[in-house]
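Structure, as structure tokens:
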Amino acid sequence: MLKKILSNFCLLAVSSFFVLLIPLTSSLAAEFSADLVQKMPQGTYKGKIFVKDKKFRQETNMMNRKQVMIFRRDTGVALILMPENHMYMEMSGLVGAKDAPQIDQQKLEEMAEKKYQGKEKMNGYMCEKYLFIYHDKSMGTMTQWFSKKLNFPIKMEMKRPSGNIIIEYKNIREKDMQDSLFEIPAGYQKMSIPGIMKGMGS
């Protein structure tokens, strides 16, 4: 049962974070928190996101369990926290090198044709709207509403043959984020399920 929960969550987390990381530039993002609405083929999920420079924390509820994922662009490591069990998993194989195409704007633009679509206000922020048409047809297209003030996308819509994904950040609150949000809490034990981690890191 635990393996099934973790497997499902890993799939959701990976999908979510690859979408999140694709549009980011190499510059530092602002510090803020926001409510997350994520619509995927598996369903609609709500949660929260916390951002500080090159660090991200996402909290969601899945199968009536609170799940937390931390992504550290500064170290190239992703962490899955399981608060109910005081355990965590490390997924360094998932994110690969710090300069992977998914987190480098220049490499992204090598992977896709980028078309400027004008400016549009989204959730209180003026955004530049872009359409990315990937050279790899299996990746489809992505529309992005990017806030220069936050140096972060407010909304993303991805259309793929495998299914569409929409991620949007609402009720954005600009404020200082504590470093502890992006660290492994004291007392948590590291765990690993080889079958899952092998699949996610490949």
Going from the fewest other Cβ atoms within 10 Å to the most, one would list Ser92, Ser33 as Ser92, Ser33
Extended-chain gain in nm, criterion 0.36 nm per residue less alpha-carbon gap, Lys159 and Met126: 9.5 nm
Per-residue Cβ contact counts at 10 Å, fewest first, order Thr141, Thr75, Thr60, Thr44 as Thr44, Thr75, Thr141, Thr60
Pull up the cross-link candidates among the aspartates and glutamates for Lys48, meaning alpha carbon to alpha carbon under 19 Å and not fewer than 8 places away within one chain. Glu31, Asp35, Glu59, Glu84, Glu157, Glu168, Glu174, Asp176, Asp179, Glu183
Among the lysines, which fall within straight-line cross-link reach of Lys54, defined as a Cα-Cα distance under 22 Å, with same-chain neighbours fewer than 8 residues apart omitted? Lys98, Lys107, Lys148, Lys149, Lys155, Lys170, Lys175
Taking the beta-carbon count within 10 Å as an exposure proxy, list Ser138, Ser162 from fewest neighbours to most. Ser138, Ser162
Need the list of aspartates and glutamates near Lys115 for cross-linking: C-alpha distance under 12 angstrom, and skip anything on the same chain fewer than eight residues off. Glu128
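Coordinate-derived values only; no laboratory data. Please read these numbers as outputs of a predicted model, since none were measured by experiment. Cβ coordinates were reconstructed from backbone atoms using ideal geometry, including for glycine residues, and neighbour counts include every protein chain displayed.
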